[in-house]
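Structure record follows, encoded as C-alpha coordinates.
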Amino acid sequence: MKITILTLFPEMFTPLYGSIVGRAVKENKLQIEVVNIRDYTEDKHLKCDDYPFGGGAGMVMMAQPIGSAIEAVDPEHRARRIYLSPKGKTFRQDMVYALVECEHLVLLCGHYEGVDQRAIDLYIDEEISIGDYVLTGGELPAMVVADCVARYVDGVLSPESLVQESFSENLLEYPQYTRPVEYKGLTVPEVLRSGNHAEIDKWRRNQALKETQKKRPDLLK
Ligand code: 4G3
(Lines give C-alpha, C1' and ligand atoms only; values in the text may rest on other atoms or scores of the structure.)
Protein backbone atom coordinates (compact mmCIF):
# COMPACT_ATOMS: atom_id res chain seq x y z
CA MET A 1 0.00 0.00 0.00
CA LYS A 2 1.10 3.54 -0.73
CA ILE A 3 0.09 6.72 1.11
CA THR A 4 0.85 10.04 -0.57
CA ILE A 5 0.58 13.15 1.60
CA LEU A 6 0.21 16.56 -0.07
CA THR A 7 1.19 19.44 2.21
CA LEU A 8 2.81 22.87 2.39
CA PHE A 9 4.68 21.66 5.52
CA PRO A 10 6.45 18.40 4.60
CA GLU A 11 8.82 18.67 7.60
CA MET A 12 5.84 18.08 9.92
CA PHE A 13 5.83 14.43 8.85
CA THR A 14 9.29 13.45 10.15
CA PRO A 15 7.82 11.90 13.37
CA LEU A 16 5.87 9.45 11.15
CA TYR A 17 9.15 7.74 10.28
CA GLY A 18 9.77 6.84 13.91
CA SER A 19 7.77 4.13 15.71
CA ILE A 20 5.65 1.44 14.11
CA VAL A 21 4.81 3.24 10.85
CA GLY A 22 8.53 3.90 10.23
CA ARG A 23 9.31 0.23 10.76
CA ALA A 24 6.66 -0.77 8.17
CA VAL A 25 8.22 1.68 5.72
CA LYS A 26 11.74 0.31 6.33
CA GLU A 27 10.47 -3.25 5.83
CA ASN A 28 8.80 -2.20 2.53
CA LYS A 29 5.33 -3.14 3.76
CA LEU A 30 4.15 0.43 3.33
CA GLN A 31 5.27 3.31 1.15
CA ILE A 32 4.86 6.86 2.40
CA GLU A 33 5.42 9.71 -0.03
CA VAL A 34 5.35 13.28 1.33
CA VAL A 35 4.96 15.86 -1.44
CA ASN A 36 5.37 19.61 -1.08
CA ILE A 37 2.47 21.32 -2.87
CA ARG A 38 4.71 24.37 -3.37
CA ASP A 39 6.84 22.36 -5.82
CA TYR A 40 3.86 22.44 -8.20
CA THR A 41 2.95 26.13 -8.19
CA GLU A 42 3.19 27.94 -11.52
CA ASP A 43 3.47 31.30 -9.73
CA LYS A 44 6.87 32.91 -10.19
CA HIS A 45 7.02 33.84 -6.50
CA LEU A 46 5.98 30.26 -5.52
CA LYS A 47 2.73 31.59 -4.05
CA CYS A 48 0.20 28.90 -3.07
CA ASP A 49 -2.48 30.94 -1.29
CA ASP A 50 -4.44 34.12 -1.97
CA TYR A 51 -7.18 36.38 -0.57
CA PRO A 52 -10.72 35.00 -0.55
CA PHE A 53 -13.18 36.30 -3.18
CA GLY A 54 -15.96 38.07 -1.32
CA GLY A 55 -13.59 39.21 1.40
CA GLY A 56 -13.05 37.92 4.90
CA ALA A 57 -10.17 36.98 7.12
CA GLY A 58 -7.34 34.65 6.21
CA MET A 59 -6.04 33.14 3.02
CA VAL A 60 -7.29 30.39 0.75
CA MET A 61 -5.08 27.74 -0.83
CA MET A 62 -5.08 28.10 -4.62
CA ALA A 63 -6.56 25.37 -6.83
CA GLN A 64 -3.69 25.26 -9.37
CA PRO A 65 -0.80 24.00 -7.16
CA ILE A 66 -3.10 21.38 -5.59
CA GLY A 67 -4.51 20.26 -8.95
CA SER A 68 -1.06 19.97 -10.52
CA ALA A 69 0.31 18.08 -7.49
CA ILE A 70 -2.57 15.57 -7.57
CA GLU A 71 -2.25 15.09 -11.34
CA ALA A 72 1.47 14.39 -10.82
CA VAL A 73 1.09 11.83 -8.01
CA ASP A 74 -2.06 10.09 -9.33
CA PRO A 75 -2.26 10.78 -13.08
CA GLU A 76 -4.83 8.06 -13.82
CA HIS A 77 -7.01 8.59 -10.77
CA ARG A 78 -6.42 5.13 -9.37
CA ALA A 79 -5.97 6.44 -5.81
CA ARG A 80 -8.62 7.25 -3.21
CA ARG A 81 -8.18 11.00 -2.78
CA ILE A 82 -9.04 12.33 0.67
CA TYR A 83 -9.19 15.91 1.95
CA LEU A 84 -8.80 16.37 5.71
CA SER A 85 -11.20 19.10 6.82
CA PRO A 86 -13.44 20.03 9.73
CA LYS A 87 -16.41 19.68 7.32
CA GLY A 88 -15.65 16.03 6.56
CA LYS A 89 -17.36 12.86 7.67
CA THR A 90 -16.17 11.98 11.19
CA PHE A 91 -13.38 9.41 11.06
CA ARG A 92 -14.24 6.06 12.67
CA GLN A 93 -12.67 2.62 12.90
CA ASP A 94 -15.00 1.12 10.22
CA MET A 95 -13.58 3.66 7.72
CA VAL A 96 -10.07 2.37 8.49
CA TYR A 97 -11.08 -1.15 7.38
CA ALA A 98 -12.35 0.27 4.06
CA LEU A 99 -9.30 2.49 3.46
CA VAL A 100 -6.79 -0.30 4.05
CA GLU A 101 -8.27 -2.10 1.00
CA CYS A 102 -7.08 0.78 -1.23
CA GLU A 103 -3.80 0.29 -3.07
CA HIS A 104 -3.05 4.05 -3.00
CA LEU A 105 -4.33 6.81 -0.71
CA VAL A 106 -3.74 10.51 -1.40
CA LEU A 107 -4.19 12.71 1.69
CA LEU A 108 -4.55 16.45 1.02
CA CYS A 109 -3.71 18.75 3.93
CA GLY A 110 -5.30 22.19 3.91
CA HIS A 111 -4.08 25.26 5.75
CA TYR A 112 -5.20 28.84 6.25
CA GLU A 113 -8.99 29.13 5.92
CA GLY A 114 -9.19 26.14 3.61
CA VAL A 115 -8.81 25.29 -0.05
CA ASP A 116 -10.39 26.76 -3.19
CA GLN A 117 -13.62 24.74 -3.58
CA ARG A 118 -12.76 23.94 -7.22
CA ALA A 119 -9.75 21.84 -6.14
CA ILE A 120 -12.13 19.79 -3.97
CA ASP A 121 -14.85 19.54 -6.62
CA LEU A 122 -12.38 18.49 -9.33
CA TYR A 123 -9.96 16.24 -7.47
CA ILE A 124 -11.30 14.94 -4.13
CA ASP A 125 -13.28 11.71 -3.58
CA GLU A 126 -13.99 12.07 0.12
CA GLU A 127 -13.70 14.65 2.92
CA ILE A 128 -12.75 13.32 6.36
CA SER A 129 -12.64 15.07 9.75
CA ILE A 130 -10.90 13.44 12.71
CA GLY A 131 -13.27 15.18 15.15
CA ASP A 132 -15.25 18.32 15.89
CA TYR A 133 -12.42 20.79 16.43
CA VAL A 134 -10.33 23.09 14.23
CA LEU A 135 -6.56 22.77 13.88
CA THR A 136 -4.08 25.05 12.09
CA GLY A 137 -3.78 22.49 9.30
CA GLY A 138 -4.75 19.05 8.03
CA GLU A 139 -1.28 17.61 8.77
CA LEU A 140 -2.09 16.12 12.20
CA PRO A 141 -5.36 14.62 10.86
CA ALA A 142 -3.42 13.11 7.90
CA MET A 143 -0.96 11.54 10.36
CA VAL A 144 -3.88 10.13 12.37
CA VAL A 145 -5.38 8.53 9.25
CA ALA A 146 -1.98 7.21 8.06
CA ASP A 147 -1.23 5.70 11.49
CA CYS A 148 -4.66 4.02 11.76
CA VAL A 149 -4.36 2.53 8.27
CA ALA A 150 -0.72 1.42 8.76
CA ARG A 151 -1.72 -0.80 11.71
CA TYR A 152 -3.73 -2.98 9.30
CA VAL A 153 -1.08 -3.32 6.61
CA ASP A 154 0.03 -6.99 6.54
CA GLY A 155 2.79 -7.68 9.01
CA VAL A 156 2.72 -4.32 10.84
CA LEU A 157 0.89 -5.61 13.93
CA SER A 158 0.74 -9.20 15.13
CA PRO A 159 -2.39 -11.06 13.91
CA GLU A 160 -3.18 -11.85 17.59
CA SER A 161 -3.54 -8.21 18.58
CA LEU A 162 -5.84 -7.52 15.63
CA VAL A 163 -8.00 -10.62 16.35
CA GLN A 164 -8.22 -9.53 19.99
CA GLU A 165 -9.34 -6.09 18.83
CA SER A 166 -12.13 -7.44 16.58
CA PHE A 167 -13.45 -9.65 19.43
CA SER A 168 -13.83 -6.65 21.68
CA GLU A 169 -15.47 -4.68 18.85
CA ASN A 170 -17.49 -1.69 20.00
CA LEU A 171 -16.52 -2.16 23.64
CA LEU A 172 -13.94 -0.16 25.57
CA GLU A 173 -10.85 -2.09 26.62
CA TYR A 174 -10.68 -4.05 29.86
CA PRO A 175 -8.03 -2.93 32.39
CA GLN A 176 -4.50 -4.31 31.95
CA TYR A 177 -1.89 -5.05 34.61
CA THR A 178 1.77 -6.02 34.62
CA ARG A 179 4.31 -6.68 37.37
CA PRO A 180 4.59 -6.09 40.27
CA VAL A 181 1.57 -7.79 41.85
CA GLU A 182 1.35 -4.94 44.39
CA TYR A 183 2.02 -1.23 43.73
CA LYS A 184 1.36 1.39 46.44
CA GLY A 185 -1.15 -0.89 48.12
CA LEU A 186 -3.08 -1.71 44.94
CA THR A 187 -2.97 -5.36 43.85
CA VAL A 188 -3.58 -7.08 40.53
CA PRO A 189 -7.02 -8.80 40.52
CA GLU A 190 -6.66 -12.41 41.71
CA VAL A 191 -8.43 -13.90 38.66
CA LEU A 192 -5.70 -12.62 36.29
CA ARG A 193 -3.11 -14.61 38.26
CA SER A 194 -5.25 -17.76 38.51
CA GLY A 195 -4.24 -19.26 35.16
CA ASN A 196 -7.93 -20.08 34.52
CA HIS A 197 -8.37 -18.72 31.01
CA ALA A 198 -12.12 -19.24 30.82
CA GLU A 199 -12.51 -17.20 34.02
CA ILE A 200 -10.03 -14.58 32.76
CA ASP A 201 -11.99 -14.15 29.48
CA LYS A 202 -15.25 -13.87 31.43
CA TRP A 203 -13.78 -11.26 33.79
CA ARG A 204 -12.33 -9.21 30.94
CA ARG A 205 -15.57 -9.20 28.96
CA ASN A 206 -17.48 -8.15 32.07
CA GLN A 207 -14.97 -5.34 32.80
CA ALA A 208 -15.19 -4.17 29.18
CA LEU A 209 -18.99 -4.05 29.39
CA LYS A 210 -18.92 -2.16 32.73
CA GLU A 211 -16.34 0.32 31.42
CA THR A 212 -18.41 0.93 28.28
CA GLN A 213 -21.66 1.33 30.23
CA LYS A 214 -19.99 3.89 32.51
CA LYS A 215 -17.97 5.95 30.00
CA ARG A 216 -19.55 5.37 26.56
CA PRO A 217 -23.13 4.13 26.94
CA ASP A 218 -23.77 5.35 23.36
CA LEU A 219 -21.62 2.45 22.08
CA LEU A 220 -24.01 -0.14 23.57
CA LYS A 221 -27.09 1.18 21.72
C1 4G3 B 1 -9.91 23.17 5.77
C2 4G3 B 1 -8.97 19.12 9.63
C3 4G3 B 1 -8.78 22.76 6.46
C4 4G3 B 1 -10.72 24.16 6.28
C5 4G3 B 1 -8.28 20.25 9.19
C6 4G3 B 1 -9.23 24.33 8.16
C7 4G3 B 1 -9.29 20.17 11.73
C8 4G3 B 1 -9.47 19.08 10.91
C9 4G3 B 1 -8.43 23.35 7.65
C10 4G3 B 1 -10.37 24.74 7.48
C11 4G3 B 1 -8.14 21.31 10.06
C12 4G3 B 1 -10.24 17.90 11.41
C13 4G3 B 1 -7.23 22.89 8.37
N14 4G3 B 1 -8.63 21.23 11.32
N15 4G3 B 1 -11.10 18.07 12.40
N16 4G3 B 1 -7.52 22.49 9.72
O17 4G3 B 1 -10.04 16.81 10.90
O18 4G3 B 1 -11.18 25.69 8.01
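The values are calculated or read from the model by the stated rules, or taken from the named source; none is laboratory data. The model shown is predicted, which means the values in this text are computed figures rather than measured ones. Every residue, glycine among them, receives a Cβ derived from its backbone with ideal geometry; neighbour counts consider all protein chains shown. Remember, those area values only see protein heavy atoms, side chains included, never the ligands or the DNA or RNA. Shrake-Rupley method; radii C 1.70, N 1.55, O 1.52, S 1.80 Å.
Scanning region 146-162 for any residue that is in contact with a strand residue (DSSP E or B) (Cβ under 6 Å, 6 or more places away or on another chain) and within 9 Å of the ligand (Cβ to nearest atom) turns up nothing. Summed over region 76-93, residues that are within 11 Å of the ligand (Cβ to nearest atom) and either out of contact with any Asp or Glu (no Cβ under 9 Å at 6 or more places or on another chain) or open to solvent by 30 Å² or more (accessible area, probe 1.4 Å) (or both) total 5.
Listed here are the helices (runs of 4 or more DSSP H) enclosed by region 1-100 that have at least 1 residues being among the acidic types (Asp, Glu): 63-73, 93-99. In region 70-98, the residues that are touching a residue at least 24 places away in the same chain (Cβ under 8 Å) reach residues that are open to solvent by 80 Å² or more (accessible area, probe 1.4 Å) and not in a strand (DSSP E or B) with C-beta atoms within less than 8 angstrom, at least six apart or across chains, in these pairs: Arg78/Glu103; Ala79/Glu103; Pro86/Asp132; Pro86/Tyr133; Pro86/Val134; Thr90/Asp132. Looking at Val149, Val144, just one residue is open to solvent by 50 Å² or more (accessible area, probe 1.4 Å), at pLDDT 90 or above and not in a loop (DSSP other than H, G, I, E, B), and that residue is Val144. Of the residues Val106, Val115, Val96, Val134, the single one that is within 16 Å of the ligand (Cβ to nearest atom) and in contact with a Pro (Cβ under 7 Å, 6 or more places away or on another chain) is Val134. Of the residues Leu157, Leu162, which single one is within 30 Å of Tyr17 (Cβ to Cβ), in contact (Cβ under 8 Å) with a residue 60 or more places away in the chain and surrounded by 12 or more Cβ atoms within 10 Å (Cβ to Cβ)? Of Leu157, Leu162, the one residue that is within 30 Å of Tyr17 (Cβ to Cβ), in contact (Cβ under 8 Å) with a residue 60 or more places away in the chain and surrounded by 12 or more Cβ atoms within 10 Å (Cβ to Cβ) is Leu157.
When the residues of region 118-131 are filtered to those that are assigned to a loop (DSSP other than H, G, I, E, B) and closer than 22 Å to Glu76 by Cβ, the one that is nearest to the ligand (Cβ to nearest atom) is Ile124. For region 101-117, which residues satisfy the criterion of being under 19 Å from Asp74 (Cβ atoms), in contact (Cβ under 8 Å) with a residue 60 or more places away in the chain and either assigned to a loop (DSSP other than H, G, I, E, B) or not β-branched (Val, Ile, Thr) (or both)? Within region 101-117, Cys102, Glu103, His104, Leu105, Leu107, Leu108, Cys109 qualify.
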